Amino acid sequence: MIDKEKIEAGVKLLLEGIGEDVNREGLVETPKRIARMYEEIFGGLEQTPEEHLSKTFSVKDNSMVLEKDIVFYSTCEHHLLPFYGKAHVAYIPNGKVVGLSKLARTVEVYAKRPQLQEQLTAQIADALMEYLKPLGAMVVIEAEHMCMTMRGIKKPGAQTVTCVTRGVFAEEEKLQATFWHMLGR
């Protein structure tokens, strides 16, 4: 799906567009490096959460499962600049749980795409609901956006927080309170 030749051609045009010499020693290999980098940082375009969330294990207890402080890096689809932070993912099993690493992998599938934080938060919660069929899910993402840090308003350290609730989390404030307590908030 990723066309490295098109990326290389585009990077050359971009460099020429900003007035750079694409034959300058430091830039000669830059289009190839960027094409390889984009293959890595946009690798989520070629993945689905289903491959990570399909292997489940039966459980008798339906207590909340929370994986917090999942570090992620993504790319703002408006400016193609990074945003990064932590995701906190919880769900109430409905007789099935998934391996803990699979929650972090699900975050990565969606983070490794041109993205909006608001959309990323909802996509993770919706994937949990679709593939795990839990009683509910809650996802909170805290991130710093380089489009606010290095350009425009230039406010380093500003955090954007998004929160999505599904199922019983949307219906029961007590569950949300437990989530926030488990996060230490």
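The values are calculated or read from the model by the stated rules, or taken from the named source; none is laboratory data. Given the structure is predicted, the values throughout are model-derived calculations rather than measurements. Positions of Cβ are backbone-derived with ideal geometry, glycine not excepted, and every protein chain shown enters the neighbour counts. Remember, those area values only see protein heavy atoms, side chains included, never the ligands or the DNA or RNA. Shrake-Rupley method; radii C 1.70, N 1.55, O 1.52, S 1.80 Å.
Data for the structure
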item: His145 - accessible surface, heavy atoms, 1.4 Å probe, Å² rounded to 10; result: 30
item: Trypsin sites (Lys or Arg not before Pro) restricted to DSSP loop in region 75-179 with at most 13 other C-beta within 10 Å; result: Arg151, Lys154
item: The chain - mean residue ellipticity at 222 nm from DSSP helices (-39,500 (n - 2.57) per run, n ≥ 4, rounded to 500); result: -12000 deg cm²/dmol
item: Met1, Met37, reordered so the largest accessible area comes first (probe 1.4 Å); result: Met1, Met37
item: Accessible area of region 4-44 divided out per residue, in Å², using a probe of 1.4 angstrom; result: 71
item: Calculated log₁₀ intensity ratio I(q)/I(0) where the Debye formula runs over C-alpha points of the chain, q = 0.14 Å⁻¹; result: -0.81
item: Low-density loop cleavage sites - trypsin sites (Lys or Arg not before Pro) in region 1-83, where at most 10 other Cβ are within 10 Å (DSSP); result: Arg24, Lys55, Lys60
item: When each of Lys6/Lys155; Lys86/Lys155; Lys112/Lys155; Lys60/Lys86; Lys68/Lys112; Lys6/Lys86 is checked by Cα-Cα distance, pairs over 28 Å; result: Lys6/Lys155; Lys60/Lys86; Lys6/Lys86
